[in-house]
Amino acid sequence: MKRLLAALQPWGVVTLTLLPLALSFATFHYRDQVKARDVQLERLSADVERQNADAAQTLATLTEQRDTAQAALDAAYQQQEVADAAAQQEIDRLRGDLEQRPVRVRIVPQSAACGPGGGGAAGDAPAAADAGAADVAPAYGLLPESNTRRLGAVIAEVETLNAAYASCRAQLMHP
């Protein structure tokens with residue numbers, strides 16, 4: 001056994017001498033890798049921070065633009081609501097006026113003659129082309145109550161549609 005130990009001793013000394021050298025080489029190698037990774041990590045962290053700052057700036061700009069546009073839309077909405085309310089009040093006022101008074105209509109006189117071939121007697125002269133022209137004074141009368149109510153409802157509907165059209169047209173023509 002002494003021989004075996006004597007034969008292994010030089011190899012043990014060589015191994016014990018080379019082992020610290022190998023360990024120091026490995027340590028330097030891993031330290032260089034860690035430094036390279038730290039540099040990469042710092043560069044990536046700086047890139048992420050820069051991108052976050054850019055994103056925050058873009059978000060702030062877009063949020064400000066959105067808020068400005070929303071404020072303009074809200075103001076336009078409020079202005080349109082006021083205009084629509086005024087139009088509706090005017091329509092209601094007109095409807096009330098129409099309900100409180102009778103509707104006068106003008107009756108346009110028309111000739112009863114139909115012209116040639118009107119079915120008159122064979123020997124009669126045909127009616128003149130300006131039959132009834134001598135009676136130019138128009139006649140006036142009142143609509144019956146049911147017709148007045150219906151006319152008032154139709155006028156209110158027409159005024160409401162006209163106000164809605166004017167409102168929409170104003171919005172579309174002035175973006």
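The values are calculated or read from the model by the stated rules, or taken from the named source; none is laboratory data. All of these numbers come straight from a predicted model, not from anything done at the bench. Here the Cβ is made from the backbone with ideal geometry for all residues, glycine too, and neighbour counts use every protein chain on show.
Values as computed for the structure displayed
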{"item": "Any hit, segment 56-71, residues being over 24 Å from the mean Cα position of the chain (by Cα) and at pLDDT 95 or above", "result": "yes"}
{"item": "Number of the exception - ALA53 against (1) of a type in the set (A, V, I, L, M); (2) modelled with pLDDT of 85 or more; (3) exposed (fewer than 10 other Cβ atoms within 10 Å of the Cβ)", "result": "(3)"}
{"item": "Pairs with Cβ under 9 Å, 6+ apart, first in segment 144-158 and closer than 13 Å to VAL105 by Cβ, second in a helix (DSSP H, G or I) and at pLDDT below 80", "result": "THR148/LEU98; THR148/GLU99; LEU151/LEU98"}
{"item": "Set LEU59, LEU44, LEU8, LEU21: member being loosely packed, with under 10 Cβ neighbours inside 10 Å and without any contact (Cβ under 8 Å) to a residue 60 or more places away in the chain", "result": "LEU21"}
{"item": "Selection status of ARG101, modelled with pLDDT of 85 or more and either loosely packed, with under 10 Cβ neighbours inside 10 Å or over 28 Å from ALA170 (Cα atoms) (or both)", "result": "no"}
{"item": "Any chance LEU94 is closer than 30 Å to ARG150 by Cβ and either part of a helix (DSSP H, G or I) or among the hydroxyl-bearing types (Ser, Thr, Tyr) (or both)", "result": "yes"}
